[in-house]
Amino acid sequence: RWRGSSPGRGGPGRRARGAAPSPLPSPSVTWLPFIGRAARRRVCWGRSCGASGERARSGGEGGPGAGRAGTMLRLVSLKLGRLYRYVKLAVLGSLAAALVLNTHSLLASLQRNELSERRFLQLNKCPACWGTSWCRKFLNGQLRLESWGRLRLLDFLNVKNVYFARYGEPREGSRRVVLKRLGSAQELADIDTKICRRATGRGRCDLLQALHATEFASINGDVRLLTPDVVEGWSDLVHCPSQRLLDRLVRRYAETKDSGSFLLRNLKDSERMQLLITLAFNPEPLVLQSFPSDEGWPFAKYLGACGRMVAVNYVGEELWSYFNAPWEKRVDLAWQLMEIAEQLTNNDFEFALYLLDVSFDNFAVGPRDGKVIIVDAENVLVADKRLIKQNKPENWDVWYESKFDDCDKEACLSFSKEILCARATVDHNYYAICQNLLSRHATWRGTSGGLLHDPPAEIAKDGRLEALLDECANPKKRYGRFQAAKELREYLAQLSNNVR
């Protein structure tokens, strides 16, 4: 029923940053590797270095055993210091050797364009891939990875498999794009393993042959329509699909030359397979295609795919880079975020798009127009309000308030997918934006206070902003969040106009 997108920080047994270390029991030896040898010989025992050290040598208080213990501690410290230096030199030597041995491959990786290589694009996996609409651009060398993205040695740092590249048309110059594999290396390998196990019972097989024995192939025939009973629950996008939503997905599918028809049978066999696998594994491309930015939806623009690489338009810096921006800028961004929550909840199409993963790195800001855009749309649940009003499930017309969840984790939300699918009026998007981005409950990478932290003195003294944010995140009155979200949007619009 609840989920947190990332584990909490500073778990048990972890010392808080800046906290003083626990005092060491006596005897104590101070050893600093950068001081001289004479100073390192000074061993302290007892209450003071001078007097106590004298007693230890003369056999007084502390006795001969104390002197021997001090000598042993000194020897241990010296040996540990030498060991530390040896280990450090060994590590540096290994890194230097690795660089020397891999110099040729490093230079080669910087010179060649891997985005034009079928193997790097995993084009051989198709139709168990995301599409082929941009393959000509990839294979013709119109896309090139930027700077460090060309070094495969750094791939272990790129867990999400997101790359930045330059895309150039002959007469238009180049522009920056974002390339996504839509999953980690392990997640992508799991797709192949699952397909093979379902087809042959083994973990490895001929993937293209195995596809014909999966449930995707059973749909891939003379089926006229993609129906809810077939794909329901495959992913968040189709957790509770309507026929109207599925027709929209097929009609706007961008990985076919003959788009525009909602009939599944009008797609080629390979195109149907790609559509179904994308829908089951990571439906983000389908969200971007079905609710495109060209029509005013707040998502990054989908460009195309080749193999298991998807290209989307580069928007700008992620929202977290504006955490300490000037107050006027943060007010404008906060207002836009609340407008996004409203647009996704209430629109003329009567589709409610609920954001199930809301964090500072899922949004970006355009550098020129300052527009906030959603750049990670994998976890979006779409509920058809028109179908809800038609079927009238139990309590369908009762306003639903999401429960505040103070779980002490980043980007934590509490929700029920079943309720989101069965109610016509839901405040989930307001709750997600207020709790995880704007209010004092928002935390991100060790920072707290939300995007609207530290307001000017006159606004803080007035208290209205803080009261609206608290009521939006954790309402005290019944249906308080609905009213607070409305007033907050109006108040932020007023503040934003005042500072322009």
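Length gained on full extension, ALA213 to ASN346: 43.7 nm, using 0.36 nm per residue less the C-alpha separation. What the Kirkwood sum gives for segment 233-358 is a hydrodynamic radius of 16.3 Å, with every pair of different alpha carbons counted. Measuring r between the beta carbons of GLU466 and GLU418 and using R0 = 51 Å, the FRET efficiency lands at 0.90. Put simply, when 444-451, 484-491 are sorted by average Cβ atoms within 10 angstrom per residue, most first, you get 484-491, 444-451.
Between ARG202 and VAL87, the modelled label-to-label distance comes to 4.5 nm, taking each label 7 Å out from Cα in the direction of the beta carbon.
State which entries of LYS329/LYS409; LYS160/LYS268; LYS371/LYS486 exceed 28 angstrom in Cα-Cα distance in the structure shown. If you can, show how the numbers build up before the last one.
On the way: LYS329/LYS409 26 Å; LYS160/LYS268 30 Å; LYS371/LYS486 21 Å.
Listed pairs above 28 Å: LYS160/LYS268.
Here segment 179-245 is treated as a sphere whose radius is the Kirkwood value from Cα pairs; by Stokes-Einstein at 25 °C and 0.890 mPa s it diffuses with a coefficient of 178 µm²/s.
Tell me which GluC sites (Glu not before Pro) from segment 343-443 have a DSSP coil assignment and no more than 16 other beta carbons within 10 Å of their own. If you can, show how the numbers build up before the last one.
Numbers: sites: GLU350, GLU378, GLU394, GLU401, GLU410, GLU418; in loops: GLU350, GLU378, GLU394, GLU401, GLU410.
Counting only loop positions with at most 16 other Cβ atoms within 10 Å, the GluC sites (Glu not before Pro) in segment 343-443 are GLU350, GLU394.
In vacuum, with every alpha carbon of segment 345-500 counted as one equal point scatterer, what does the Debye formula give for log10 I(q)/I(0) at q = 0.11 Å⁻¹? Two decimals, please. One equal scatterer on each Cα of segment 345-500 leads to -0.47.
Compared with the direct C-alpha span, the chain from LYS486 to ARG251 gains 81.1 nm at full extension, assuming 0.36 nm per residue. For segment 132-137, take each phi angle, set θ = phi - 60°, evaluate the Karplus expression 6.51 cos²θ - 1.76 cosθ + 1.60, and give the result in whole Hz per residue in order, putting x for glycine and proline. For segment 132-137, the Karplus-derived couplings read 9, 5, 10, 4, 4, 5 Hz, x marking Gly and Pro.
The alpha carbons of segment 408-477 occupy a box of 44, 29, 15 Å along the principal axes, longest dimension given first. Between the beta carbons of GLU458 and THR193, assuming R0 = 45 Å, the FRET efficiency works out to 0.15 to the nearest 0.05. Compared with the rule-of-thumb size 2.2 N^0.38 Å for a compact globular protein, segment 298-363 has a Cα radius of gyration ratio of 1.34.
No lab work stands behind these numbers, since they all come straight from the coordinates. Please read these numbers as outputs of a predicted model, since none were measured by experiment. No Cβ is skipped: glycine too gets one built from the backbone with ideal geometry, and neighbour counts run over all protein chains shown.
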